[in-house]
Amino acid sequence: MSIMIYADKIDLYSELINAGNILREAFGGDILGIVIGENNVKSIDRIRKIGLSKIITFSANELNEFNPVLYAETIKNTLEEFDVRYVLMNSSYKNKILSGLLSSFMNSALVVDVIRLNVEDNKLLAERPVYSGKASAKEEINADKAILLIKSGVFTPMTEEKTEAEIIEKLIDTSKVSLELLEFSPKVVEEGVKLDEADVVVGGGRGLRKKEDLKLLKELASILGGAWGVTRPLAADYGWAPEWIGISGASINPKLYIATGISGQPQHTSGIRGSKVIVAINMDSEAPIFKFADYGIVGDLYQIIPKLIEKLKEIKEG
Amino acid sequence: MVKILVGVKYSLRVENLAIDPKTKAIILDETPKKMGDMDKRALEEALRLKEKHGGEVTVLCVGPKEANKILLEVYAMGADSAFLIPTNDYLDTFSVAKIFAKFYEKNGPFDLILLGGASTDSFTGVLGARIAGLLNLPIIPFANQIVLEDLKIKAESALDDGKYKFSAPLPAVVTVTLEINEPRIPKLKDILRAKRQKINELSLSDLELDDLKVTINMTDVRAYEEKRKQIILDATDPSKIDEVVDKLINYLREEGVL
Amino acid sequence: MSEKFDVAIVGAGPSGLTAAYFLAKKGLEVVVLEKGGELGSKNMYGGRIYTHVLNRYFPEYTREAPVERWVRKEQLYFMTKNSAVKLEFFADDAFLKESFTAYLTKFVQWLGKKAEEAGVLIATGVRVDSLILEDNTVKGVIAGDDKLYADYTIIAEGANTLLLDNLNLKPMTKPEEVALGVKEVFRLDEERINERFGVNSEEGVAGLLVGFPSLGSIGGGFLYTMKNEITLGVVIRLDEPVKKKIKMYEVVEDFRMHPLIKKLLRDSYMIEYSAHFVLERGKLPDKYLYGDGYLVVGAAAGFELNTGLVVRGVDLAIESGKQAADTIIEAHEKGKQDKQTLASYISRLKNSFIYRELEAFKKAPRFLSNERLYNQYPEVVNEFLKEILTVNGTPRRLYSTFRKAMRNKVSLLDLIRDGLGAVRSL
Amino acid sequence: MSSAEKKLSIEERLALDVFNVDEEPHIIVEKDKCEKCELKPCLYVCPANLYTLDENGKIQFNYEGCLECGSCRVACPKEAVKWNHPRGGFGVQFRFG
């Protein structure tokens, strides 16, 4: 039997191998890697010495862009050939679809968004956040086979040099696949990050005096590589932005949310609960937003934000 | 003419999760519920396809008996028939997928299975793919636009790294995002009509699934402490701003969010 | 699709559902239109239902209705900021079944189920925007683009009378005619509630709190024990917060921070916050209660009784629903919808307890709008008791202590006047 | 679920309630009328504190979080509050009403 690792980004194999090691210690077996697509196969040297015993590669042209049905067909045969019991993937939308298809084929359990993994009394236990990240669920795997989608960043990358993996190149017949990819348009990063997907969000409220002042938010957001947003009045009443953050608008789950000039009405705060860290900047020390904040600055946002931008720029530039 | 099977979930309202303040356990019975947000859009999309091409929309829900509330809504929106498979036990997505697959086989043929991209509460986002896997059908996931032409379904998927335009022959599974449409709000007459429609109940035995076995047991669901640190820095005195901003940056570094 | 019903009822509260139930029992085609997505989701009140009407119309309620606790103890608190004087009435067994605590949300769901079983069509999630007015006769309702025709329309929209006001079927509600009730619900386990209030699991407490809860304004606080919760809130006349420049959302929390209340609520946690109108004006003049094709029932008609000591609504609502049903059944048999025929609603009401009791308390609003009742008397009572109960070696006589407590707060003349006023109004 | 030991802000309390917020506001405030209103009763009667003053002393209003009591409609002396119930099925949903 063996454990298989598949990632849709080459750098994530070295994280997943550490999840694989937990399974290997408990259940034995070899850890295989499977790499799909020309570009990924080209970078294969980066994962050659992380502890994979074999790396199976597929580099047909048709595999360069994601096609869930085609990718599932590609992996299927390998699963049988190597008697794979556990599959580890990074948690992404693409892999959710891929693993869904594969798990039906394998007749296996499937857990996505795993943030903790351990084995107790020969039972595999996985933990994952549920209910918009408000709670965590412990799930006990009750099947012989399982696919686990691990959140990136949960396991530290393998840095030690291990024995070099054997490379097995494979071909696949793509002609019978029913799903056809007509067009792929990669995400344009410069276009601005989407509020609900951003790692950092800078929000503005009625403390902003005029529409032009939104440039403060935009500048701060861009230096942090994040998105900017506003509260409902600014969007719906003043028309400064097409959408807003809050109960009737977008719910956000960033690592960092910076609320500037926002008083903290529940209609807004219920949309920011998913944020890991919340910073509030407001003139009014009594503003309810401070109760929802990890770090609050009482003061004038027109002085504080420029200073913050200035200092972040210094850091960025060296 | 398209025959569409739509799946809807009786989902928890996660914004109103009932939590025991001491144990942090989730009190599921007390948490209000609703039709899943994306499921509702799947139904809306099915109704729009039916309005355009003719056909029939069948809705299936696996959940507790109270889920008939949302099936009433399903009828009010315009579905032709609604089925409930009442179950109080926790079912993993694989079991639900098996139920859908069996229903599809027994009550088909269907041209299309439309589902929400992910449920509002557990948000796993794999059900559609598992059904497609079991039935060996093509899947187009997380679609934010659907076109049906020449017995083919074309849809645009919003995935991690960009937009994918897929095309698949019918029958196929398509899951949808929140962006795909704005669901209709039933009118008085729709609601009155819905009240007279029958919610069909099927048991697992009716689907020959008596021995359905879950592959995952949820052993413990607990709310995270929702506590904010509330460290407040005073920068009302402009001369303090420099120092306060430095402090903030340090805090954010320690948190690992910069 | 053309829909036509015998009766259309706007609002699935206790009055509307009772009317629907009795009409359907007589074989009429009845539809109830409710704006809330689910039955009971827009209904809110303090927490107590008096049983006399249920005994008469729904005797099976003892087995079926979602009773939380039977009220065994009636408590009256006179409160100042830091102290309280409590009067407690412990009911004997006969009194015990006079009222129970319940959530109106759940009670309405129960009543709705009964109505549906009787054949009523209840459509939830329907906001009625207006009434169909043809030839000066109400002929049904309008919701969005849809019209629904009915021979009779019952307006059971509750205390916030939007339909009646918008169609000028009655004069616009004035701020001094309504009070705002704000309620907080606290979860506490059954055993601790029993222990804290000295009751068993079947028995409950109803408390009325005057003085501090409404910050000396006209109104008061209320407290009810549910099975696993305590509901607590304030009712204040709508013109008062404005006069006193106090914010309603703060009043209820200030009240909750009173040392006595804090003790009662220890270890509990809040699970809901809600608000609703309570009528202060008493019933609408007869002429607004009926017209060609329609009747007005429940709180919309002003059938709420707020005497200061007793707050009632559900029993009046049910009774008015029953009387409206009887009126329509009779009119339906005659095949008439006109105002003259429907006027028998008023004579039915006059023969029911509703008018008798509303009549009896007609003078109450004037007595109850006397500020001293809420402001000075709680202070006096508390200070008086504090004085006579304080032992510090100084001898005191009862009368002079009383005078001392009253000093600067209320004159003896006021006291006599108010006392007489109270007697006259009761 | 908030402990009863301390005062709760209106935000904390409203967060306990179930809202099915309609995208279409059910209350429209004609704010120009508010400028001539000295009393501004809405600031005091609203149990959800949805009426606030901005730094220029102008009324700000947000319909989300409305408990649908109707106080602002009745209390407003300038008829500036165009009040309606939220569309069917929307708005607050009491569970312990």
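Annotations
- Subset of C:Lys322/D:Lys78; A:Lys76/B:Lys52; A:Lys96/A:Lys276; B:Lys33/D:Lys7; A:Lys255/C:Lys245 violating a 31 Å alpha-carbon distance limit: C:Lys322/D:Lys78; A:Lys76/B:Lys52; A:Lys255/C:Lys245
- Calculated FRET efficiency for the pair A:Lys194/B:Glu208, C-beta based, R₀ 45 Å, to 0.05: 0.55
- Charge tally in the Cβ shell below 12 Å around B:Ile249, where Lys, Arg are +1 and Asp, Glu are -1, B:Ile249 excluded: -1
- Comparing the full protein assembly with the isolated chain (1.4 Å probe, heavy atoms, ligands and nucleic acids excluded), the residues of the stretch C:28-42 losing at least 20 square angstrom of accessible area are C:Lys35, C:Gly37, C:Glu38, C:Ser41, C:Lys42.
- Mean Kyte hydropathy of -1.0 or more with a Cα span along the axis of at least 18 Å, helices from DSSP in chain A: A:13-27, A:68-81, A:93-106, A:301-317
- Neighbours of C:Thr101, meaning other residues whose beta-carbon lies under 9 angstrom from its beta-carbon, give a summed charge of +2 when Lys and Arg score +1 and Asp and Glu score -1.
- Cβ-based net charge around C:Ala150, under 11 Å, with every Lys or Arg adding one and every Asp or Glu removing one: -1
- Relative packing of B:201-212, C:323-334, which averages over residues the other C-beta atoms within 10 Å, highest first: C:323-334, B:201-212
- Sites listed here are trypsin sites (Lys or Arg not before Pro) in chain D whose DSSP assignment is loop and whose Cβ has at most 12 other Cβ atoms within 10 Å: D:Lys6, D:Lys7, D:Lys36, D:Lys58.
- Förster-model FRET efficiency, 30 Å R0, A:Val119 and A:Asn64, C-beta, rounded to 0.05: 0.25
- Three-way shape label, chain A, alpha-carbon gyration tensor, a/c 1.5: prolate
- Label separation (B:Lys240 vs B:Leu151): 7.5 nm, computed from points 7 Å beyond Cα along the C-beta direction.
- For the stretch B:198-211, backbone phi angles converted through the Karplus equation (6.51, -1.76, 1.60; θ = phi - 60°) give residue-by-residue couplings of 9, 8, 7, 10, 10, 9, 4, 5, 4, 9, 6, 10, 4, 9 Hz, Gly and Pro being listed as x.
- Under-5 Å amide H pairs with A:Leu88, H placed in peptide plane, nonlocal only: A:Met4, A:Ile5, A:Tyr6, A:Leu148
- Here the Karplus curve 6.51 cos²θ - 1.76 cosθ + 1.60, taken at θ = phi - 60°, turns the phi angles of the stretch D:85-97 into couplings of 6, x, 4, x, x, 8, x, 6, 10, 6, 10, 10, x Hz, with x standing for Gly and Pro.
- Here the ratio of the Cα radius of gyration of chain B to 2.2 N^0.38 Å is 1.23.
- Listing of the stretch B:3-30 residues, each with accessible area lower by at least 40 Å² in the full protein assembly than in the chain alone (probe 1.4 Å): B:Arg13, B:Val14, B:Glu15, B:Asn16, B:Leu17, B:Pro21, B:Glu30
- Per-residue mean of foreign Cβ neighbours for B:234-247 is 5 (Cβ atoms of other chains, 10 Å radius).
- Counting only other chain Cβ atoms within 10 Å of each residue's Cβ, the peptide D:38-50 averages 6.
- A simple rule links phi to the HN-Hα coupling: the Karplus curve 6.51 cos²θ - 1.76 cosθ + 1.60 with θ = phi - 60°, which for the stretch B:33-42 gives 10, 7, 5, x, 4, 6, 4, 4, 6, 4 Hz, with x for Gly and Pro.
- Accessible surface of the protein assembly as shown, 1.4 Å probe, proportion on carbon and sulfur as whole %: 49
- If you sort C:Trp110, A:Trp228, A:Trp244 by accessible surface, 1.4 Å probe, largest first, the order is A:Trp228, A:Trp244, C:Trp110.
- 10 °C / 1.306 mPa s Stokes-Einstein diffusion coefficient of chain D, Kirkwood radius on C-alpha pairs, µm²/s: 110
- In the stretch B:1-86, trypsin sites (Lys or Arg not before Pro) in a DSSP loop with at most 11 other beta-carbon atoms within 10 Å: B:Lys22
- Diffusion coefficient, µm² s⁻¹, Stokes-Einstein with Kirkwood Rh over alpha-carbon pairs of chain C at 10 °C and 1.306 mPa s: 70
- Area buried, chain C against chain D - accessible surface, total, 1.4 angstrom probe, square angstrom: 4400
- Residue of C:Arg356, C:Arg237, C:Arg348 that the Gaussian network model of chain C assigns the largest fluctuation, springs spanning Cα pairs under 10 Å: C:Arg356
- For chain B, relative contact order (Cα pairs under 8 Å, six or more residues apart, normalised by length) works out to 23 percent.
- The alpha-carbon atoms of the stretch A:2-169, seen along their principal axes, cover 41, 34, 28 angstrom, with the largest extent given first.
- Annotation: amide H of A:Gly203 within the under-5 Å range of A:Gly229, A:Ile258, A:Ala259, A:Thr260, sequence separation 5 or more or interchain, hydrogens built in the peptide plane.
- Against the rule of thumb 2.2 N^0.38 Å, how large the Cα Rg of the stretch A:195-317 comes out: 0.94
- Each Lys and Arg contributes +1 and each Asp and Glu -1, all at the Cβ; summed about the Cα centre of chain C, the dipole is approximately 1880 debye.
- Contact surface C-B: accessible area buried, both sides summed, square angstrom, 1.4 angstrom probe: 1500
- With contacts taken as Cα pairs under 8 Å at a separation of at least 6 residues, the stretch A:1-118 carries a relative contact order of 31 percent.
- Note that the stretch B:1-150 carries a Kirkwood radius of 15.9 Å, evaluated over its alpha carbons pair by pair.
- Solvent-accessible area buried by pairing A with B, both sides, nearest 100 square angstrom, 1.4 angstrom probe: 6800
- Top positive-direction residue, dipole computed over chain A with Cβ charges, set A:Ile262, A:Leu117, A:Ser275: A:Ile262
- Degrees between helix C:314-334 axis and first principal axis of chain C (Cα, 0 to 90, nearest 10): 20
- Counts of other chain beta carbons within 10 angstrom of each beta carbon in peptide C:230-243 average 3.
- Take each peptide in A:129-136, C:171-178, count the other Cβ atoms within 10 Å of every residue, and average; sorted highest first, the result is A:129-136, C:171-178.
- Computed from the C-beta positions of A:Ala26 and A:Ser185 and an R0 of 56 Å, the FRET efficiency is 0.85 to the nearest 0.05.
- Computed log₁₀ I(q)/I(0) - Debye formula, equal Cα scatterers, no solvent, the stretch C:91-199, q 0.10, 0.20, 0.21, 0.22 Å⁻¹: -0.55, -1.24, -1.29, -1.33
- Surface analysis of the stretch B:2-201 yields an accessible area of 35 Å² per residue, using protein heavy atoms and a 1.4 Å probe.
- Diffusion of the protein assembly as shown by Stokes-Einstein, at 4 °C in a medium of 1.567 mPa s and with Rh set to the Kirkwood radius over alpha-carbon pairs, works out to 40 µm²/s.
- The residues of chain A expose on average 42 square angstrom of accessible surface per residue, using a 1.4 Å probe on protein heavy atoms.
- Listed peptides C:112-122, B:172-182, A:162-172 appear in the order B:172-182, C:112-122, A:162-172 once ranked by packing, highest mean of other Cβ atoms within 10 Å at the front.
- Long-range lysine pairs (8 or more apart or interchain), the stretch B:206-254, Cα under 28 Å: 4
The values are calculated or read from the model by the stated rules, or taken from the named source; none is laboratory data. Note that the structure is a prediction, hence the values are computed from the model and not measured. Because the Cβ atoms are built from the backbone with ideal geometry, glycine has one as well, and the counts that use them run over all protein chains shown. Protein only, heavy atoms only, side chains kept; ligands, DNA and RNA dropped before computing areas. Shrake-Rupley method; radii C 1.70, N 1.55, O 1.52, S 1.80 Å.
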